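I am attaching a structure below and will ask some questions about it afterwards.
Read the figures in this text as sums done on the coordinates, not as results from a lab. Please read all numbers here as calculations on a predicted model, not as lab measurements. Virtual Cβ from ideal backbone geometry, glycine too; neighbours counted across all protein chains shown.
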Amino acid sequence: MTVEPDPDAQASEKPRTLFASLRTWISSHRTALVSLATVAVLILVSVTIASLVREVHYQDVLAALRETTATHVIQAIGLTAIGFLALSFYDVAALSFIGRPLPYRAVSLTAFCAYAVGNTAGFGPLTGGALRLRFYGSYGLEPEDAAKVIVFVTTAFGLGLTTLSAAALAWTADDIAPFIGLPALPVRVGAVITLAAIVGAFIWVALTKEKTLGRGRFSVRLPHPRLVLGQLAATVVDVLACAGVLWVLMPPVPLSFAAFVALFTVALGLGVLSHVPGGLGVLETILLATLSDSVPVDDLLGALILFRVIYYILPLVLAAVVVTGVEVRRLVLGPATSRLLGAGTRLVPPVLSALTVTLGAMLIFSGVTPAQPDSLSVLADWVPLPVVEGAHFLASILGLLLIVVARGLAFRLDGAWGVALGASFLAVVLSLLKALALGESILLSLLIVALLANRSEFRRPAALVHQALTPPWLAAVATVVISAFILLFVTYREVEYSHALWGVFEFSQEAPRSLRALLAVTLGAIAVGLWSLLRPASGRAPIPHEGDLCRAVALIDTQPTAAANLVRMGDKSLLFSDDGGAFLMYGRQGLSWIALLDPIGARDAAPELVWRFVEMATEAGGRPVFYQVSPDSLSLYADVGLRAFKLGEEAVVDLTSFSLTGSRRYGLRQTLSRGVREGLSVDVLTGTETEAVLPRLQEISDMWLTTHKTREKRFSLGAFQPDYVLAQPAAVLRHQDRIVAFATLMVTACKEEVAIDLMRFDPEGPRSGMEFLFLRLIERYQAEGFRSFNLGMAPLAGLRASVSAPMWNQVGRAVFEHGERFYNFQGLRAFKAKFSPTWHPRYMAVGGRVNPALALADVALLISGGLKGVIGK
């Protein structure tokens, strides 16, 4: 009987498939799409601002800035200090919520730098989240704990801002309604409903006894009501202080401070949602659109510019001074450095990177605006016109160069440090030659001092020409260029454009000078963008040639990790450090670039190898994954923005203290006694000895694979390949002089650790044969002076079962407990537990936006040799 396909079912399945494909495409291009959306929003608000300020004159804005009194500036600085003090309690509350409190000095330093960088730059690695991952990791917080801090801080700010906005709108609806063009009643009703919902939720949280909502992935642990109130108070102080900064700088407005807070919070929230760094343009657009009919636009623009300088740029400059002071003090103290000072150096690269971006933008904006007439008069008497023209042109190009190399500073590249230092020196000179810009020169000199003081933090020997800008960085460049276009348009609105302007060279003609500078910056930005987007992907994963394998094997004998001998399989690509003292072995599966184990070799080369591997994978359009890494190295992966997920636990027998005496070891002694009576014996063979019995070992291996209905694995496991088996010691178990089982061993010349690799046995051999084999090997290598005996990993063992644990842990725990049908998880752990080992956790580190299940699926495919290998075990 033939069953015809259902046309309706096929029709409904097609849209579903298209939707799934679209969702997958959006997920894989999320970063690029967000960056494009950010640029689109910026273009929209830029056009809006240009129309709102069409009657404004540049000199009037400068006059408004000069009329701002010192008292108002001091008040604004004081309110900024209060706001950042309140921001530090976000992190204090978050760390308290996850049960990992830290000293306030450490928290306040991190929070200040995180918000100073995040508020101003807010893209790529220059985010508050990235800084927290780097700093808190040095205090022992696992990556998942740092991620919880970030989620808590983000959620707390959002809820606090919503609460304050709703309360202010409900209170001042009558005052604010005319400015936003809406009736007061619906504004008040909407605000009251929002506020009532928030208050109701708080009361429910306070009264409920069950502090965990939902299950599995959707479970949320509720904070204590006192913590919620404290965090709400911190948010209120933070936002009120931020609004207060702009309030004291603005001209008088026909609004009460409460009504202004309502308007400001709405504008601030929309700026955050726009993903534009610092909400640049969004905040200005909303305030100009609502207040321009009530106050002079030039005065309002002057206040907004000064607000940006005081609340955004000043804290960033101060953060650079603070981290530079921390680094200098650490160098002076030397080995006696406190933990705070040592951890504080992790903040140096992102802070200086953000400052470099800001100063690069400053040079570009300066290049499209007029200089002070008095300065030009002085220059005209002492400096030839061609020098001034050249200085103006080159300074703008240097601004773009600083923005580009800032990415290298964030990644600690020594080449970026050298270029940034040289460009800053040159920019100081050019700023004086083009317009006697003392303010620019002072800020650039500060960057120079900070770079020199922190030289030790930029030691990664990587070529800048190989560093392509990612979509967030390209969006940052676009943000600056678009802003420069609008600034030029507003400043020289009254200048009638003609092609002849390009060839005008006079001291008094600044519009042509600015046009030429902007053209150079635009062409440079386009070139950088095309280079980043169109250059061929690098980083293939070739099979290593014999020379590379020999280099890797030579390095293995100098270090303690026995599992590094898996490189002898020859199925993994190799990435060596520049000095050849360390290497990474890795493979590719789908989009995943999977490195096995931590870097092998010299410890000081490990950070560079991790950075290079992540960049190589990212530039090739892949996702970096580090598989079976140790807890001691988690800071390396947190430093490059990866998250760690526990894979299981590795069983390691301490040979320095192992003993068969005592009642707890009675079963093991019985196994040895019974094995001797049954005629069992163990020999460790090498070289020609192994070659003589290789046919029998091959026979046992084939029977074992057939019995277990599986096939050879690879990558993180050894396979029965003659060359591979002969390259290492092989332990054979004999029963009445007949080999019935064998295990290949991995050792290094430093005799630190011996590890089990392949384990194969004759199905008809003694049941306790493998246990007997392990005990004899433990005794043998204990006598030879080895320190540990590695029994291998028990997958998914040791994962926390708490409902508040991450979803990864909960799913992994469930598989460990109920997945015996597919894999002997508990049986494997129970067998290894007989030898009373110490259990060491092992992790998988993946990119922050990568689902760990996808990465682990690619690892499984790589180990099994494809989908067929997974299905067939």
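All other residues with a Cβ under 12 Å from the Cβ of VAL732 taken together, and with Lys, Arg as +1 and Asp, Glu as -1, what is their net charge?
Local charge sum for VAL732: +1.
Separation between the GLU678 and THR155 pseudo-spin-labels, each 7 Å from Cα along Cα→Cβ, expressed in nm?
Spacing of the two 7 Å Cα→Cβ label points: 5.5 nm.
Count the net charge of all other residues whose Cβ sits under 14 Å from the Cβ of LEU306, scoring Lys and Arg as +1 and Asp and Glu as -1. Intermediate results must be reported in sequence, preceding the final value.
Details: positive: ARG66, ARG308; negative: GLU67, GLU284, ASP298, ASP299.
Spelling it out: positives minus negatives among the neighbours equals -2.
In addition: Going highest first, how would you order 76-84, 670-678 by mean Cβ packing within 10 Å? Could you put the intermediate results ahead of the total?
Details: 76-84: 18.7, 670-678: 14.1.
Ranking, from highest mean packing down: 76-84, 670-678.
Can you tell me the FRET efficiency between LYS834 and ARG551 if r is taken as the Cβ-Cβ distance and R0 is 25 Å, rounded to the nearest 0.05?
Working: r = 39 Å, r/R0 = 1.56.
After rounding to 0.05, the efficiency reads 0.05.
Sticking with this structure for a sec: Please give the length that would be gained between LEU36 and TYR104 if that part of the chain were fully extended, namely 0.36 nm times their separation in residues minus their C-alpha to C-alpha distance (nm, one decimal).
This chain segment gains 20.6 nm when fully extended.
Packing-wise, with mean Cβ within 10 Å as the measure, how do 103-115, 549-561 rank, highest first? Walk me through the numbers before you get to the answer.
Working: 103-115: 20.8, 549-561: 16.5.
Order by mean packing, descending: 103-115, 549-561.
Let me ask you something else. I need the calculated FRET efficiency for the pair ARG780 and VAL189, taking r as the beta carbon distance and R₀ as 51 Å, to the nearest 0.05. The partial results should precede the final answer.
Numbers: r = 82 Å, r/R0 = 1.60.
Computed FRET efficiency for ARG780 and VAL189 comes out at 0.05.
Also: If I stretch the segment between SER659 and LEU318 completely, what's the gain in nm (0.36 nm per residue apart, minus their alpha carbon distance), one decimal? Mind showing how you got there, number by number?
On the way: separation 341, 0.36 × 341 = 122.76 nm, distance 5.95 nm.
Full extension of this stretch gives 116.8 nm more.
Can you give the Kirkwood hydrodynamic radius for region 258-310, in Å, rounded to one decimal and based on Cα pairs?
11.4
Now, a different point. Net charge around THR290, counting only other residues with Cβ within less than 14 Å of its Cβ (Lys, Arg = +1; Asp, Glu = -1)?
Numbers: positive: none; negative: ASP175, GLU284, ASP293.
With Lys, Arg at +1 and Asp, Glu at -1, the neighbours total -3.
Between SER768 and ILE305, what length comes free when the chain is fully extended (0.36 nm per residue of separation minus the Cα-Cα distance, one decimal in nm)?
So the chain would gain 158.8 nm between SER768 and ILE305.
Classify region 374-495 as rounded, prolate or oblate, taking a ≥ b ≥ c as the square roots of the eigenvalues of its Cα gyration tensor: rounded when a/c is under 1.5, otherwise prolate if a/b is larger than b/c and oblate if not. Walk me through the numbers on the way to the answer.
Working: a/c = 2.59, a/b = 1.45, b/c = 1.79.
Oblate is the answer for region 374-495, as a/c is 1.5 or above yet b/c matches or exceeds a/b.
From the phi angles alone, apply the Karplus equation (6.51, -1.76, 1.60; θ = phi - 60°) to region 689-706 and give each ³J(HN,Hα) in whole Hz, x where the residue is Gly or Pro.
Here the 3J(HN,Hα) series is 5, 5, 4, 5, 10, 4, x, 5, 5, 4, 4, 5, 4, 5, 5, 5, 5, 5 Hz.
Next question, about the same structure. Show me the ranking of peptides 438-446, 646-654, 232-240 by mean Cβ neighbours inside 10 Å, starting with the highest.
On the way: 438-446: 16.9, 646-654: 21.8, 232-240: 19.9.
Ranking, from highest mean packing down: 646-654, 232-240, 438-446.
Would you kindly derive the ³J(HN,Hα) couplings of region 49-58 from the backbone phi angles with the Karplus curve 6.51 cos²θ - 1.76 cosθ + 1.60 (θ = phi - 60°), listing them in order in whole Hz, with x for Gly and Pro?
Values per residue, Gly and Pro as x: 4, 4, 6, 6, 10, 5, 9, 8, 10, 4 Hz.
For ARG669 and ARG738, what does the FRET efficiency come to when R0 = 25 Å and r is the distance between their Cβ atoms, rounded to the nearest 0.05? Walk me through the intermediate numbers first.
Values: r = 25 Å, r/R0 = 1.00.
That gives a FRET efficiency of 0.50.
A further question on this structure: Would you mind computing, in nm to one decimal, how far apart the modelled labels at LEU591 and LEU273 are, each placed 7 Å from Cα along Cα→Cβ?
Each label point is offset 7 Å from its Cα along the Cβ direction, giving 2.8 nm.
Quick one: grab the alpha carbon gyration tensor of region 624-725, order the square roots of its eigenvalues as a ≥ b ≥ c, and give me rounded if a/c is under 1.5, else prolate or oblate depending on whether a/b is larger than b/c. Kindly include the intermediate steps, with their values, before the conclusion.
Working: a/c = 2.38, a/b = 1.30, b/c = 1.83.
Here region 624-725 falls in the oblate category.
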